[in-house]
Amino acid sequence: MALFCHDIQEKLPATASVTDFDQIRAAAPAGEPERQQYFMEADRAYFTARFEQMIASGEALSRYGKERLEEMQKNGRIGTVDVVTFGCQMNARDSEKLLGILETIGFQEWESEDADFVLYNTCTVRDNANQKVYGRLGYLRTKKRNNPQMLIGLCGCMMQEPEAIEKIRRSYSHVDLIFGTHNIFKLAEILFERIANGKMTVDIWESAKEIVEDLPVERKYPFKSGVNIMFGCNNFCSYCIVPYVRGRERSRKPDEILDEIRKLAADGVIEVMLLGQNVNSYGKNLSEPMTFAALLRRVNEVDGIKRIRFMTSHPKDLSDELIDAMRDCDKVCHHLHLPLQSGSSRILRKMNRKYTKEEYLALVDRIRFAIPDISLTTDIIVGFPGETEEDFQETLDVVRRVRFDSAFTFLYSVRRGTPAAAMEQVPEEVMKERFERLLKEVQQIAGEVCGRETGQVRRVLVESLDDHKDGYVTGRLENNIVVHFPGDETLIGTIIDVVLEESKGFYYMGRALPKG
Ligand code: SAH
Ligand code: SF4
Ligand code: F3S
């Protein structure tokens, strides 16, 4: 059997084997994405040879079991991979790209850490995200002892912090490959280097060099997808590490975004989520500047797309032009995630958020005036340095006035190198006590607000069969609230009218209306 596919074989001496790493490396094309496509083929050849050895020695049979092994062979799979995502939607989208590359190499997705290759796409926005990764790495140590061929990879935001890399080198030497946020497109090449070098391979870029498009993506859902419209962040909120680990703000060109959305629509996607740390500043640094509102209007024109969402909006940049576009565009969901962070103008200033309590409330009024049925959700941090009881009361006041559909509440977490890390910290017990009070308030209001559409008919995108009830399906309203109602799998991926018969606090039970 030929070891390499035709494209690679052409570039190599006829006698080259999958372990002639120097020769393979030397023949790699310089330009992207061709270079990564080449390494995907080289990796595939290597893992195919290894898989065949495992079959010959009987190891594959004991490892995968008869049924699974036969299925893998039938589908041309050469091993299993588990990509575990921590953090936000941006990371989730990156994981789809990583999985796309790994499936092209020949790995089969296997959602368990018993896989041949476990890749953690990490987050470092709060310390508990980091601790989770260290905990899981400790657990993988025993797994690797039982299966020395196992590969462990780390990538994403946490890897952009030199202290994390140092700690992993020191205490978690069983990790095989490490890369960051700026070079995820290079996964195939980094994997190749790991195989060639036989030791931990680390490749971190301090900043983004290029945006490589046109690599494979393995979407989690056939009918909905995230679409990056920009990368990085320039806001430097004083508590936040994202600008340091994701780099400066870069917008993708509108034509590239629209092309991607058209292709997704042709592939059956009906809902897109436009992704960026601050979508409201989209396009400012393009050679031909364009506003987010203008982009939204163009996405609204794409045939086949039925729902448009976006994340996240920074209140300081939310323009009236955007409110008008949201009101006018029929496909844009009437849902806005508008992180408040704090209700105290004094704290907001120290956070470098560039709006006041009054400006936030006035913005909410303008949005609600234009789009009365808008659903508002938010993020709130409790215990930012210097927060007093009075400041906290201001946050509660905003929560009570706005009545958010839901709010993600976070305990302030010190991030090394950020300005807030050097400020005077709030004692932990004070923070926790405030957190409990905020959570209670937020949940009570959400419980009241979420049931407000009971008895009404709403459009629902059906996402899956109901996990808990036979003969039922689960879908989402425009405002992201879940609805369960009788139905079967033929409804998955379609949008239908549903009567919201009963509110269960954070979800509804409903009944589908006949089509027509
Ligand atoms: N770009 C988005 C948020 C990205 S991070 C925005 O500006 O809204 C997601 C949320 O994590 C933030 O909204 C904030 O509430 C929270 N967060 C960020 N840094 C934090 C920290 N150091 N401690 C606690 N929460 C934090
Ligand atoms: Fe962090 Fe602020 Fe940027 Fe959001 S806008 S990612 S909170 S720095
Ligand atoms: Fe976390 Fe990175 Fe997102 S730090 S929240 S995964 S941008």
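Remarks
- Computed from the Cβ-Cβ distance with R0 of 41 Å, the FRET efficiency linking K263 to I55 stands at 0.65.
- Dipole moment magnitude, nearest 20 debye, region 137-268 about Cα centre, only Lys, Arg, Asp, Glu C-beta charged: 660 debye
- Here region 374-516 carries DSSP beta bridges of which approximately 70% are antiparallel, counting only pairs with both residues inside.
- Rel. contact order, % - alpha carbon contacts under 8 angstrom, at least six apart, region 29-135: 27 percent
- Selection among V118, T474, V499 by position relative to the dipole of the chain gives V118 as farthest towards the positive end (Cβ unit charges, Cα centre).
- Fraction of beta bridges assigned by DSSP in region 188-311 that are antiparallel (%, nearest 5): 15 percent
- Chain lengthening between E256 and Q443 when straightened (0.36 nm per residue, less Cα-Cα): 63.3 nm
- Screening the chain for whole DSSP H helices with an alpha carbon extent of at least 27 angstrom along the helix axis and a mean Kyte-Doolittle hydropathy of at least -1.0 yields 34-57, 428-450.
- Extension gain (nm, one decimal) between V482 and S319, 0.36 nm per residue minus Cα-Cα: 55.7 nm
- Basic side chains Lys and Arg get +1 at the Cβ, acidic Asp and Glu get -1 at the Cβ, and with that the dipole of region 214-324 about its Cα centre reaches some 340 debye.
- Distance between modelled label sites at I204 and N128, nm, 7 Å Cα→Cβ extension: 2.5 nm
- Value at 222 nm in deg cm²/dmol, rounded to 500, when DSSP H runs of n ≥ 4 in the chain each add -39,500 (n - 2.57): -12000 deg cm²/dmol
- Longest segment of the chain lacking GluC sites (Glu not before Pro) that sit in a DSSP loop with at most 13 other Cβ atoms within 10 Å: 302-423
- Judged by the gyration tensor of its Cα atoms, with axes a ≥ b ≥ c, region 77-212 is rounded; a/c sits under the 1.5 cut.
- Among beta bridges that DSSP assigns inside region 331-449, antiparallel share in %, nearest 5: 0 percent
- Ranked for footprinting exposure by Cβ neighbours inside 10 Å, fewest first, I211, I347, I445 give I211, I445, I347.
- Distant alpha-carbon pairs in the chain (separation over 34 angstrom), percent: 44 percent
- Separation of the A370 and D497 label points, Cα + 7 Å toward Cβ, nm: 2.8 nm
- Centre-to-centre, using Cα atoms only, region 404-474 and region 173-226 are separated by 32 Å.
- A simple spin-label model places pseudo-atoms 7 Å from Cα toward Cβ; at T388 and E111 they are separated by 4.9 nm.
Read-outs throughout are calculated quantities, based only on the coordinates presented, and are distinct from any laboratory measurement. Remember, it's a predicted structure, so these values are computed and weren't measured experimentally. Using ideal geometry, Cβ is built from the backbone for each residue, glycine included, and neighbour counts are taken over all protein chains shown.
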